[in-house]
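Trainee: One structure coming up, written as structure tokens, with questions to follow.
The values are calculated or read from the model by the stated rules, or taken from the named source; none is laboratory data. Since the structure is predicted, the reported quantities are computational estimates derived from the model, not experimental observations. When we count neighbours, we look across all protein chains shown, and the Cβ atoms used for this are built from the backbone with ideal geometry, even at glycine.
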Amino acid sequence: MNGWLALAVAVSLGLSAVALGQDELPPDSAYVQVEGDHLTLDGERIRFWGHIGHFPNPKMDNPDPRGDQELMVQRMKDLGFNMHRLWHTPEGEFAKGDDSRDDLKEYGIALLIRNDVKIWFSAMDGGAIPPDELAQAAKSAGDPETADAWIEAARSMAREHWSWQGERVSVGKFNLARHWDPRFGQLMIDHMIEAATHRNQYTGRRYCDEPGIAVWELTNEEWWVPRMTAGEWQQLPDYFQDQLIARWHDFLGAKYGSEEALDNAWKGLLPGESLDEGTILLAPMRNRAEPAKLNDSNPHAIAAMTGVQGEFGREDFVAQRGADVIEFFTDLLIRSKRKQAEVLKSLGKSTRLSPLLWDTGIGSNIQCTYLHQQADAITQCTYINGKHHDRTHPRFPFNSGLEEMPKVCWDLPWVEHNRIKGKPFFVYETQIKNSTKYRAEFPMRMAALGAIQDWDIICWHSYGPGHDSSADQPFDGLLEVGHSLDLHYGRDEVQLSAMKAAAQVFKHGLLEPAGEPTHLVFGGKLLYDPESMDYPGSWGRAAKLLLPTVYRHGLTIEIRPDLDDQPDHPYFEGDAEKFNKFKQTGLLIKGPTLQRGVFETSPIRPTDQIAFDWRRGNLTMDAPGVAMFTGFYGELQNPGQGVKFEHADAKFSDVRVVNPPDMPYPVTEDERYVAIALTSADGKPLAECERALVSAVSTSFNKGFQLDTDQELSEFFGAGTRTAGELPVQVARVGCTIECPAIEGMNYTLRDYHMNAIGQGTVRDGKLTVPADKPVFVVELTR
């Protein structure tokens, strides 16, 4: 759909600015925009530290749900968040102020906007349609003669759906066929239009015009090409499979022009296969399959395959055939996403100016990254567990990522390497499990990586549920455990303190990025490599270079299948041999690279402000605006001498960790595991800042918490929970001395987890003492 047609769709639905009596909108500069490879607001670069959680979906049985919304937005700001990734939006009819669930959601969204917490809008995908509405949906697009067949096929897909109550079933709009079936495609576009053009009753503005929305997202974790190469399309009704097979033959006909050319490219066809007759199997897939399974919706094709025995996999075909399958799926998806994007961009000022993402994740797959490259920005996620499966490991049942070469992944990188040259980069979700001992390091590791790779957004999943504003201590609560629950950080005093400090480092850009990142260019050979159908199969021989190169030199990449036909491109510097090698291997390397296990050094220094001393298990940040140490202070060569920071002109010493009497998994003297940071809170160097922040934390567990190490432990997950524990949460308190001439004379306030003041004073002789005998959450300094 071109832009004019998309606009016509919006106007036909009564969604034009004129029809809605829209107020005058702010100037372009008031909207977050992409300029070059970064985000800007009011002409200045801006970075976001994002909150994800249940907000603004209220707890309706709380005494004051509206007050809960207000408390949660204030809590976000207090903790350093300046963005919220929004999932929960109104779903039905309501009246402003009726205190219904949808009214309270709308109010919460307005609170974000009024408090300048920017929104990442993730509420456009999904949706469901009940079977009794399929007849009307069939009129939305497509050939009228196929309407009955479509209704029957769609009705067969009806299942129980979370959005419907009781025993009702519905057909999910979020299905594979929407990228080739015109009706499902139009249903999704209609759903997006409805979500984006909703007018907030508290702000009076349509979301598509709202400057408070900084990022738009078509879908979350669709990962369509990997799902298609896994053969999931074979589970669809025959009607949709027939459509797909027809598109497959159209693709082959357009690419090769004749059956003879196809036969030559593929080094032969299977008996019974014919482009002219429409009997080419959509194969190979990731897994082996029988011919009938690969084309079981086409009786003519099945008849043609009579006598062809056995199963077929990638190894049974030349690589070009597998590459064509991937190219077909990739091209089909990009065309569909581009159509959706054109419609959304036409709806309003925010959707036009602010970045639009076409999907989120999956960073290990090259086709998913290539899809992101077509959009305004790139976005990936990563999660780690922080628990070890090997009982001989000295930190068992835990492990710290600071004691191995740096990474924030298990085996394959998802976020590290996916910085596309010329595009902003967003982390849409990340978190470490709250059931691990060594989690205070993780916000610092992400902030350091975000600096090296010069990221624009880091969002944290998930804060979890909000708070009861009527409670005396609304933020108190157990550390939640269990699958997905132990990714909740909303009651985690230790991680929230470390995150608040790391937020200052990241948002204000206090660390310099890698100076001249290595650049990798991937061509069609690797983009369409059949091996990429497997989880570890993308990126070719470059896969083993990605992690070590990122953390030493920084890295950008580019996926350019078009360069396969451009021998005169400047990248090849007029060197025919360089071009031929690129076309043959699918890889061009510009800059130094490293490999895992080869000439490993420690500390690893991507810049002179960041050092990963993985042999001693620590990470340091040392810049004019920040001094930070996280890791095993007890493993230092001489802990008594403290840690000195040259660029920050600071020193940390007298570091101690005090465990409460009933502490599960206490921190030992030899460990002295800590995360300590002194950071500017306004973006200026420490010597000039008006506001600064100190965080000094170690770890915490619920009282009586216990892991189950008696069971067989999987490599990725480690031990599960035997006993969740109870209140109070046991916090290992950190005491230390911070010396820094730049903070001389600053007033300080010790604040507890509830942000109550529990101590005040003035820094004398450039020395600040953080006491271990008080429940210090953070220390605020003002000049």
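Trainee: Within segment 354-370, take every residue that is among the hydroxyl-bearing types (Ser, Thr, Tyr) and assigned to a loop (DSSP other than H, G, I, E, B) and give me the one that is nearest to Glu342 (Cα to Cα).
Mentor: Checking each candidate, the answer is Ser354.
Trainee: Can you go through Phe612, Phe629, Phe652 and tell me which one is at pLDDT 95 or above, in contact with a Pro (Cβ under 6 Å, 6 or more places away or on another chain) and within 26 Å of Leu510 (Cβ to Cβ)?
Mentor: Of Phe612, Phe629, Phe652, the one residue that is at pLDDT 95 or above, in contact with a Pro (Cβ under 6 Å, 6 or more places away or on another chain) and within 26 Å of Leu510 (Cβ to Cβ) is Phe612.
Trainee: Only one residue in Gln473, Gln453 is surrounded by fewer than 20 Cβ atoms within 10 Å (Cβ to Cβ), polar (S, T, N, Q) and not assigned by TED's automatic domain parsing to the domain that holds Asp752. Which one?
Mentor: Values: Gln453 fails: surrounded by fewer than 20 Cβ atoms within 10 Å (Cβ to Cβ).
So the residue among Gln473, Gln453 that is surrounded by fewer than 20 Cβ atoms within 10 Å (Cβ to Cβ), polar (S, T, N, Q) and not assigned by TED's automatic domain parsing to the domain that holds Asp752 is Gln473.
Trainee: If the Cβ limit is 7 Å and pairs must be 6+ apart or interchain, which residue in segment 225-245 that is in the same structural domain as Arg155 (by TED's automatic domain parsing) and at pLDDT below 95 pairs with which residue that is crowded, with 22+ Cβ neighbours inside 10 Å and not aromatic (Phe, Trp, Tyr)?
Mentor: The qualifying pairs do not exist here.
Listed here are the residues, each with its yes/no results for (1) touching a strand residue (DSSP E or B) at 6+ places or on another chain (Cβ under 7 Å); (2) surrounded by 19 or more Cβ atoms within 10 Å (Cβ to Cβ); (3) in contact (Cβ under 8 Å) with a residue 24 or more places away in the chain.
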position	(1), (2), (3)
Lys544	no, no, yes
Pro548	no, yes, yes
Gly554	yes, yes, yes
Ile559	yes, yes, yes
Asp564	no, no, yes
Pro567	no, no, no
Tyr571	yes, no, yes
Asp575	no, no, no
Phe582	yes, yes, yes
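Trainee: Can I ask one more? Tell me, please, whether a residue that is under 30 Å from Leu104 (Cα atoms), in a helix (DSSP H, G or I) and among the acidic types (Asp, Glu) can be found in segment 235-245. So that I can check it myself, show each step before the final result.
Mentor: First pass over segment 235-245, keeping only residues under 30 Å from Leu104 (Cα atoms): none.
No, every residue in segment 235-245 fails to be under 30 Å from Leu104 (Cα atoms), in a helix (DSSP H, G or I) and among the acidic types (Asp, Glu).
Trainee: Which residue, of Pro606, Pro660, is modelled with pLDDT of 95 or more, on the phi < 0 side of the Ramachandran plot and in contact with a helix residue (DSSP H, G or I) (Cβ under 6 Å, 6 or more places away or on another chain)?
Mentor: Working: Pro660 fails: in contact with a helix residue (DSSP H, G or I) (Cβ under 6 Å, 6 or more places away or on another chain).
Selected residue: Pro606, the only one of Pro606, Pro660 that is modelled with pLDDT of 95 or more, on the phi < 0 side of the Ramachandran plot and in contact with a helix residue (DSSP H, G or I) (Cβ under 6 Å, 6 or more places away or on another chain).
Trainee: Output yes when any residue across segment 512-528 is among the acidic types (Asp, Glu) and outside any helix (DSSP H, G or I), and no when none is.
Mentor: Yes, because at least one residue in segment 512-528 is among the acidic types (Asp, Glu) and outside any helix (DSSP H, G or I).
Trainee: In this structure, does Gly735 turn out to be in a loop (DSSP other than H, G, I, E, B), surrounded by fewer than 20 Cβ atoms within 10 Å (Cβ to Cβ) and at pLDDT 95 or above?
Mentor: Details: in a loop (DSSP other than H, G, I, E, B): no; surrounded by fewer than 20 Cβ atoms within 10 Å (Cβ to Cβ): yes; at pLDDT 95 or above: yes.
Criteria not met by Gly735.
Trainee: Still on this structure, I have one more. Does at least one position in segment 699-714 carry a residue that is assigned by TED's automatic domain parsing to the domain that holds Glu646, surrounded by fewer than 22 Cβ atoms within 10 Å (Cβ to Cβ), part of a strand (DSSP E or B) and among the β-branched types (Val, Ile, Thr)? Lay out the reasoning, then the answer.
Mentor: First, the residues of segment 699-714 that are assigned by TED's automatic domain parsing to the domain that holds Glu646: 699-714.
Checking the rest, the ones that are also surrounded by fewer than 22 Cβ atoms within 10 Å (Cβ to Cβ) come to 703-704, 706, 708-714.
If we keep only those that are part of a strand (DSSP E or B) as well, we get 703, 706, 708, 714.
Retained after the next criterion (residues that are among the β-branched types (Val, Ile, Thr)): none.
No: segment 699-714 contains no residue that is assigned by TED's automatic domain parsing to the domain that holds Glu646, surrounded by fewer than 22 Cβ atoms within 10 Å (Cβ to Cβ), part of a strand (DSSP E or B) and among the β-branched types (Val, Ile, Thr).
Trainee: If I filter segment 375-424 down to residues being more than 24 Å from Pro517 (Cβ to Cβ) and polar (S, T, N, Q), which single residue comes out as surrounded by the fewest Cβ atoms within 10 Å (Cβ to Cβ)?
Mentor: By that ranking, first place goes to Thr392.
Trainee: How about segment 225-249: which of its residues are within 13 Å of Asn175 (Cβ to Cβ) and of a type in the set (D, E, K, R)?
Mentor: Arg227, Glu232
Trainee: For segment 614-655, enumerate the residues that are part of a strand (DSSP E or B), of a type outside the set (A, V, I, L, M, F, W, C) and over 27 Å from the mean Cα position of the chain (by Cα). If you could, list the steps in order and put the result at the bottom.
Mentor: Within segment 614-655, the first condition is being part of a strand (DSSP E or B), and the residues that meet it are 618-623, 626-632, 643-645, 650-655.
From what is left, the residues that are of a type outside the set (A, V, I, L, M, F, W, C) are 618, 620, 622, 630-631, 644, 651, 653-654.
Scanning segment 614-655 gives Asp622, Lys644, Lys651, Ser653, Asp654.
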